[in-house]
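All remarks here apply to the structure that follows.
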Amino acid sequence: MKLEGRVAIVTGGGRGIGRHIALILAEEGADMVISDIDPEGISETAEGIRSLGRRALPIKSDVSLVDDVNNMVDRCISELEKVDILINNAGITRDSLIVRMKEEDWDMVLRVNLTGTFNCMKAVTKYMMKQRRGKIVNIASIVGVMGNAGQANYSASKAGIIGLTKSIAKELAPRGINVNAIAPGFIDTDMTISLPEKIREGLLRQIPMGRFGVSKDIANCTKFLVSEDSDYITGQVIHVNGGMWM
Ligand code: NAP
């Protein structure tokens with residue numbers, strides 16, 4: 001087990017990709033805070049983590065609220081003693097073409113996806129700097145590099161995460177902290193399952209591997225980026241997309 005003795009925080013861990021990441025890190029030996037705005041989802045994830053013999057602390061927390069985030073990190077330190085790994089996974093979409101996009105939908109997506117990622121990184125950094133070790137993985141998106149009609153807010157937030165990742169990677173590299181991003185392609189989760197069948201068929205035709213991704217594809221890459229196997233990798237965006245964008 002490559003993460004024995006490590007403590008991780010996974011945001012948006014109540015379902016989808018976040019839940020898979022949490023479980024795979026637990027399989028590798030990590031104890032964990034799982035946070036989400038949905039208390040039921042994180043309780044279920046926590047049960048799964050405990051059944052693997054690991055400590056799990058589910059915390060209801062909204063990444064867009066600084067007080068929530070600081071409270072989550074403080075509880076992680078007081079109840080699990082430290083924080084070694086942060087996975088910024090919480091994310092939302094509010095899709096529409098720009099002519100119809102409401103300002104509140106622009107603001108909300110930027111606030112959760114981009115400011116939320118900043119809030120969490122800022123809150124853990126002082127602890128990671130003190131221990132001169134840490135691994136941060138930010139979940140971006142293929143759409144942050146390709147763009148996508150109807151997702152101006154979402155793609156801007158994910159492109160912002162990529163810039164944020166690279167800047168903080170440069171700041172924290174001398175302190176022994178790795179900061180990387182994963183840009184998933186189209187992954188079968190609640191976020192994408194509701195896309196109309198016609199759009200799903202069109203997307204599938206653009207994926208050379210001929211299938212949508214699954215949460216495990218992202219979780220496996222995350223596992224690598226938080227292990228010692230990736231100690232010399234920082235400031236990178238790893239594309240996990242079946243060849244859809246190269
Ligand atoms: P999902 O199934 O919608 O899960 C997202 C989770 O984040 C949910 O549990 C949600 O809680 C939680 N969340 C939402 N707002 C939050 C907030 N303010 N604070 C804390 N947690 C919050 O999505 P997913 O497909 O697993 O996506 C996970 C990440 O991967 C996201 O960042 C997404 O943008 C990214 N991604 C996904 C795909 C894809 O194809 N699925 C592709 C590229 C990137 P609720 O359950 O209460 O809503």
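Each value in this text was obtained by applying a stated rule to the coordinates, not by laboratory testing. For clarity, every value in this text was computed on a predicted model and none was experimentally measured. When we count neighbours, we look across all protein chains shown, and the Cβ atoms used for this are built from the backbone with ideal geometry, even at glycine.
In whole Hz and in residue order, list the ³J(HN,Hα) couplings for segment 172-186 that follow from phi through the Karplus curve 6.51 cos²θ - 1.76 cosθ + 1.60, θ = phi - 60°; x for Gly and Pro.
Karplus values, whole Hz, x for Gly and Pro: 9, 4, x, 9, x, 10, 8, 10, 9, 10, 10, 10, x, x, 8.
Taking the Cα-to-Cβ direction at Asp38 and at Arg211 and moving 7 Å from each Cα, how far apart do the two end points lie in nm?
Placing both labels 7 Å beyond Cα along the Cβ direction yields 2.4 nm.
State which entries of Lys82/Lys166; Lys2/Lys126; Lys82/Lys122; Lys135/Lys216 exceed 21 angstrom in Cα-Cα distance in the structure shown.
Lys82/Lys166; Lys2/Lys126
Quick query: amide H of Val237 versus all other amide H atoms, modeled in the peptide plane; which residues come in under 5 Å with a sequence gap of 5 or more or a different chain?
Ala181
Relative contact order of segment 128-246: what whole-number percent is it, with Cα pairs under 8 angstrom and at least 6 residues apart?
33
On the first, second and third principal axes, largest extent first, how far apart are the outermost C-alpha atoms of segment 1-83 in Å?
Extents along the principal axes: 34, 26, 16 Å.
Please compute the contact order of the chain in relative form: average sequence separation of alpha-carbon pairs under 8 Å and at least six residues apart, divided by the residue count, as a percent.
Result for the chain is 19 percent.
Considering every pair of different Cα atoms, what Kirkwood radius, in Å, is found for the chain?
17.9
Projecting each Cα onto the charge dipole of the chain (Lys/Arg +1, Asp/Glu -1 at the beta carbon, about the Cα centre), which of Ile92, Met191, Asn178 comes out farthest on the positive side?
Comparing the listed Cα positions along the dipole, Asn178 ranks first.
Within 10 Å of each candidate Cβ there may be at most 12 other Cβ atoms; applying that plus a DSSP loop requirement, which trypsin sites (Lys or Arg not before Pro) in segment 94-192 survive?
Lys102, Arg132
Going by how many other beta carbons lie within 10 Å of each one, how would you line up Trp106, Trp245, fewest first?
Trp245, Trp106
Could you please rank Ile9, Ile24, Ile17, placing first whichever residue has the fewest other Cβ atoms within 10 Å of its Cβ?
By the 10 Å Cβ count, ascending, the order reads Ile24, Ile17, Ile9.
Using only Cα positions of segment 146-246, each an equal point scatterer, no hydration layer, compute I(q)/I(0) via Debye at q = 0.19, 0.24 Å⁻¹ and quote the log10 values to two decimals.
Result of the Debye calculation: -1.03, -1.35.
Which ³J(HN,Hα) values in Hz, rounded to whole numbers, follow from the phi angles of segment 216-233 under the Karplus curve 6.51 cos²θ - 1.76 cosθ + 1.60, where θ = phi - 60° and Gly and Pro get x?
Result, ordered by residue: 4, 4, 6, 4, 5, 5, 4, 4, 5, 6, 9, 9, 5, 4, 10, 4, 9, 10 Hz.
Kindly give the semi-axes, whole Å and largest first, of the ellipsoid equivalent to segment 53-116, taking each as the square root of 5 times a Cα gyration tensor eigenvalue.
So the three semi-axes of segment 53-116 are 31, 12, 8 Å.
Which ³J(HN,Hα) values, rounded to whole Hz and listed in residue order, are derived for segment 75-89 from phi using the Karplus coefficients 6.51, -1.76 and 1.60 in 6.51 cos²θ - 1.76 cosθ + 1.60 with θ = phi - 60°, glycine and proline given as x?
5, 4, 5, 6, 9, 10, 6, 6, 9, 9, 9, 10, 10, 8, 10
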